[in-house]
Amino acid sequence: MRIEILKGSLLEVNAEVIVNPANSRGYMGGGVAAVIKNYGGKEIEREAIAKAPIPIGNAVLTTAGKLKFKGVIHSPTMEEPAMRTTEDKIRKAVRAALKLADEKGFQVIAFPGMGTGVGGLPKETAAFAMIEEINNFKSTSLRKVILVDIDEDMIKEWKKVLKD
């Protein structure tokens, strides 16, 4: 599986499905989730809430609303909105998103930094955990993972991990 790192908006990448670093309740009130809801429509959040609670280590697929994607994968990095998160939760969230995307037959998935916003995880920790989980994942349909963020420091950390 190829990993591509881009600086920019998750909503503008050329992917089939994007990942929302969610909370287990499905509420999309802050961070990346709020941006997805604001541009894609409230139906994305309504559908995620209807599928909640989403345990950490699981993920659900919803419509992408007005966005160009085939869907949004909601993969919780925290149980409650605006909670702090951990490296273990990030690993489980990345694994769950990859597994669901692969099972649904997607070939290209895009992730933002997971747990680095309201989750408060250091970017260095998140970058290492995310890339290790992606590299360890055995894919049947996924061919490319796009790591995209507007935060220059997140980009630097991903690139640093990929070089090592």
Got a sec? Which of G29, G71 is farther than 22 Å from E133 by Cα and of a type outside the set (K, R)?
-> G29
Test A50 against the criterion of being at pLDDT below 95 and among the hydrophobic types (A, V, I, L, M, F, W, C), and give yes or no.
-> no
Which of the helices (runs of 4 or more DSSP H) contained wholly in region 63-164 include at least 1 residues that are of a type in the set (K, R) and surrounded by 16 or more Cβ atoms within 10 Å (Cβ to Cβ)?
-> 87-103, 123-136
Those residues of region 105-140 which are over 16 Å from V94 (Cα atoms) and among the small types (G, A, S) amount to G105, G120
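Yes or no: region 28-48 includes at least one residue that is assigned to a strand (DSSP E or B), within 21 Å of R91 (Cα to Cα), of a type outside the set (G, A, S) and touching a residue at least 60 places away in the same chain (Cβ under 8 Å).
no
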Looking at this structure, is I44 among the aliphatic types (A, V, I, L, M), in contact with a Ser or Thr (Cβ under 8 Å, 6 or more places away or on another chain) and crowded, with 16+ Cβ neighbours inside 10 Å?
-> yes
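Can you pull out every residue in region 12-32 that is surrounded by fewer than 19 Cβ atoms within 10 Å (Cβ to Cβ), touching a helix residue (DSSP H, G or I) at 6+ places or on another chain (Cβ under 9 Å) and modelled with pLDDT of 95 or more?
Scanning region 12-32 gives R25, Y27.
The values are calculated or read from the model by the stated rules, or taken from the named source; none is laboratory data. Only a predicted model underlies this, so the values are computations on that prediction, with no experimental measurement involved. All Cβ positions, glycine included, derive from the backbone under ideal geometry; neighbour counts span all protein chains shown.
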